[in-house]
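Written out below as structure tokens is the structure these notes cover.
The values are calculated or read from the model by the stated rules, or taken from the named source; none is laboratory data. Computed from a prediction, not measured in an experiment: that's the story for all the values here. Quick reminder, even Gly has a Cβ in these numbers, built from the backbone with ideal geometry, and neighbours come from all protein chains shown. Calculation scope for accessible area: heavy atoms of the full protein, side chains included, ligands and nucleic acids excluded. Shrake-Rupley method; radii C 1.70, N 1.55, O 1.52, S 1.80 Å.
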Amino acid sequence: MLRQSLGETRSSIRDRHAVLSADSHERTTLPKWAGAEVVFTISPQMGAQFSQYFAHMEAGGRADAPLAGVARFAMVLDGAISLEHGDGKQTLGPESYAYLPAGYDHKIHASSASRLVVFERRFLPLAGAEPPYPVIGEVGSVEAVPADGDTRLMFRKLLPTEVAFDCEFNVMDFSPGASLPYVETHFMEHGLLMLNGGGIYRLDDNWYPVEEGDVIWMGPYCPQWFGALGEGHARYLLYKTWNRDPLSTNAK
């Protein structure tokens, strides 16, 4: 069990951003997650318009679909799950993922002790657009593309870009010493999980060392920049709002 010395932690919660490290995780339970404990790292109580959490499932644990109107994205970090849905049953292992639209019935069963990262948000429909559909895949099978032609920074888009989808999930892969090309400032909000490696993240006027397992929330218009440090690659899973006018909202 993680211990802290004199109340120290790398976690930091601010008005427009947050960094959550594993040393401050608090496990709880949810009615729709039987045989599992969850750790909420991002939620509306923080100011976000989505939730991000870890699900620690024991072998045989199960989860049902989320609340009405809520879409779910889940990625397996450790272990294996069986996903039951309208098109059958599939086994998902490490770095396999599933986007499950709002109202899409499904069940998650843990084939072994497993750990997932889960994102949930109220879906924002677009008039005249077809509703989104389930997407199931594996990170390694998605084509990696250079960002702005820089082969030191590769990204993989895990969801289709069509307007049916109101969000994006990408995996960003930084070679040692690579960085974002500029400080980004925009209306979209982000949720992020460091998958491996580490570096320095600028959020507003604060600079944070980050490492594998850290979670970051970036609110609208929070200036943000990342640079990779160390000998190995740094990768993170990134959620962002997408394909919707900023005058629309999914807040309830």
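Structure above, values below:
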| quantity | calculated |
| --- | --- |
| Listed residues ASP105, ASP23 arranged by accessible area, highest first, probe 1.4 Å | ASP105, ASP23 |
| The range 1-59, relative contact order in percent, only Cα pairs under 8 angstrom and at least six apart counted | 22 |
| GLU211 accessible area, assembled protein chains, probe 1.4 Å, Å² | 100 |
| Derived scalar couplings ³J(HN,Hα) [the range 46-63; Karplus, 6.51 cos²θ - 1.76 cosθ + 1.60; whole Hz; x for Gly, Pro] | 7, x, 7, 9, 7, 10, 10, 8, 9, 10, 9, 9, 7, 4, x, x, 8, 9 |
| Amide H partners (placed H, <5 Å) of ALA164, local residues excluded | none |
| Reachable aspartates and glutamates, given that their alpha-carbon falls under 13 Å from the alpha-carbon of LYS107 and they are not under 8 places away in the same chain | ASP64, GLU84, ASP87 |
| Distance in nm between pseudo-label sites at LEU67 and GLU37 (7 Å out along the Cβ direction from Cα) | 2.4 |
| Karplus-derived HN-Hα couplings along the range 211-219 (A = 6.51, B = -1.76, C = 1.60, θ = phi - 60°), whole Hz, x at Gly and Pro | 8, 3, x, 6, 10, 10, 10, 10, x |
| Under Karplus coefficients 6.51, -1.76 and 1.60, residue-wise ³J(HN,Hα) of the range 106-111 in Hz, glycine/proline x | 7, 9, 10, 10, 7, 6 |
| Amide H contacts under 5 Å for CYS222, placed H, 5+ residues apart | HIS186 |
| Equivalent ellipsoid semi-axes, the range 188-245, via Cα gyration tensor eigenvalues times 5, rooted, Å | 21, 13, 8 |
| The range 17-105 - percent relative contact order, Cα under 8 Å, separation 6 or more | 21 |
| Nearest-20 debye value, the chain charge dipole, Cβ charges on Lys, Arg, Asp, Glu | 460 |
| Relative contact order [Cα under 8 Å, 6+ residues apart], the range 63-143, whole percent | 38 |
| FRET efficiency for ASP15 and ASP150, using Cβ-Cβ distance with R0 set to 30 Å, rounded to 0.05 | 0.40 |
| Solvent exposure ordering (accessible area, 1.4 Å, most first) of ARG152, ARG122 | ARG152, ARG122 |
| Residues whose placed amide H lies under 5 Å from that of ASN206, excluding near-sequence neighbours | none |
| Straight-distance crosslink candidates among aspartates and glutamates, where the alpha carbon sits under 16 Å from LYS240 and sequence neighbours closer than 8 are dropped | GLU120, GLU162, ASP166, GLU168, GLU184, GLU189 |
| Inter-probe distance in nm under a simple model that places probes 7 Å from Cα toward Cβ, at VAL163 and PHE187 | 1.5 |
